[in-house]
Ligand SMILES: C[S@@+](CC[C@H](N)C(=O)[O-])C[C@H]1O[C@@H](n2cnc3c(N)ncnc32)[C@H](O)[C@@H]1O
């Protein structure tokens, strides 16, 4: 089976042999891939909707993995008992939805060794939530698929210090690493915020306008500095 580049990158971040919970599994392809490749042996795959879980069930049966993957219907982390899963994945949803899922069941989250998050939007909200709730960002990856650049965040237990506002936006580990997609990623973020700014041009939401104006300036500075030094 073939995973998309986004899911493949996510798969590499799952610690080997850990018990995985894939929350919002949809098709179930991530746990299926990880078990088929011998990366892990056991997973719980959940979804809040019956349709996607049925699709996951069909796929799990097709690959003969009914003994390895347990399917559960339910909202967010409520399908898990604390300590049941060592690695928790919440991927392919908006940042606010991910934050809601994490906030609703902190007791479960506190027992996980790794939390892998892949917000489709508002990654800064997710990073801020992790910081405010005593989690540290261990690794971050970027992956490009078609015209999108996706952010993947791997977090663990323990407070870290993030002393610059812009790091919530661009990711502290991405900032340190400055990998192959870094400049393209900053340019991409800049375009997204400039588009939002253009839409807000005549709006009375002065607080938002000021926040985006500051972000745009900081992203421009980063882009210029890193372009000059690369
Ligand atoms: C766009 S799919 C992402 C699937 C997969 N995780 C991925 O990254 O490709 C989002 C899935 O999350 C499920 N979902 C949304 N909110 C959820 C929640 N609160 N708890 C569990 N699943 C949820 C949806 O039903 C949907 O199947």
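The values are calculated or read from the model by the stated rules, or taken from the named source; none is laboratory data. Just so it is clear, the model here is predicted, and its values are computed rather than measured. Don't worry about glycine lacking a Cβ; one is built from the backbone with ideal geometry, like all the others, and counts go over all protein chains shown.
Summary table below
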read-out	value
Test: residue in region 6-14 that is closer than 19 Å to residue 139 by Cα, in the same structural domain as residue 116 (by TED's automatic domain parsing) and assigned to a loop (DSSP other than H, G, I, E, B)	yes
Boolean, residue 139 is in contact with a strand residue (DSSP E or B) (Cβ under 8 Å, 6 or more places away or on another chain) and in the same structural domain as residue 18 (by TED's automatic domain parsing)	yes
Region 75-108, subset under 14 Å from residue 45 (Cβ atoms) and more than 9 Å from the ligand (Cβ to nearest atom), residue surrounded by the fewest Cβ atoms within 10 Å (Cβ to Cβ)	84
Which numbered condition residue 200 fails, given (1) touching a helix residue (DSSP H, G or I) at 6+ places or on another chain (Cβ under 6 Å); (2) closer than 20 Å to residue 226 by Cβ; (3) without any contact (Cβ under 8 Å) to a residue 24 or more places away in the chain	(2)
Per-region count, region 1-28, residues closer than 19 Å to residue 148 by Cβ and in contact with a strand residue (DSSP E or B) (Cβ under 9 Å, 6 or more places away or on another chain)	11
Leading residue by the ranking (surrounded by the most Cβ atoms within 10 Å (Cβ to Cβ)) among those in region 8-19 that are within 12 Å of the ligand (Cβ to nearest atom) and within 18 Å of residue 85 (Cβ to Cβ)	10
Single residue of region 43-69 satisfying the filter (more than 7 Å from the ligand (Cβ to nearest atom) and within 21 Å of the chain's Cα centre (by Cα)) that is nearest to residue 108 (Cα to Cα)	44
Residue match in region 186-196 (condition: closer than 23 Å to residue 11 by Cβ and either touching a helix residue (DSSP H, G or I) at 6+ places or on another chain (Cβ under 7 Å) or modelled with pLDDT of 95 or more (or both))	no
Hits in region 184-213 - residues which are surrounded by 14 or more Cβ atoms within 10 Å (Cβ to Cβ) and not in a helix (DSSP H, G or I)	200
Failed item, numbered, when residue 72 is tested on (1) within 12 Å of the ligand (Cβ to nearest atom); (2) part of a helix (DSSP H, G or I); (3) surrounded by fewer than 18 Cβ atoms within 10 Å (Cβ to Cβ)	(2)
Considering residues of region 20-42 that are part of a loop (DSSP other than H, G, I, E, B) and closer than 13 Å to residue 76 by Cα only, the residue farthest from the ligand (Cβ to nearest atom)	25
Residues that are part of a loop (DSSP other than H, G, I, E, B) and in contact with a helix residue (DSSP H, G or I) (Cβ under 7 Å, 6 or more places away or on another chain), drawn from region 92-132	105, 121, 122
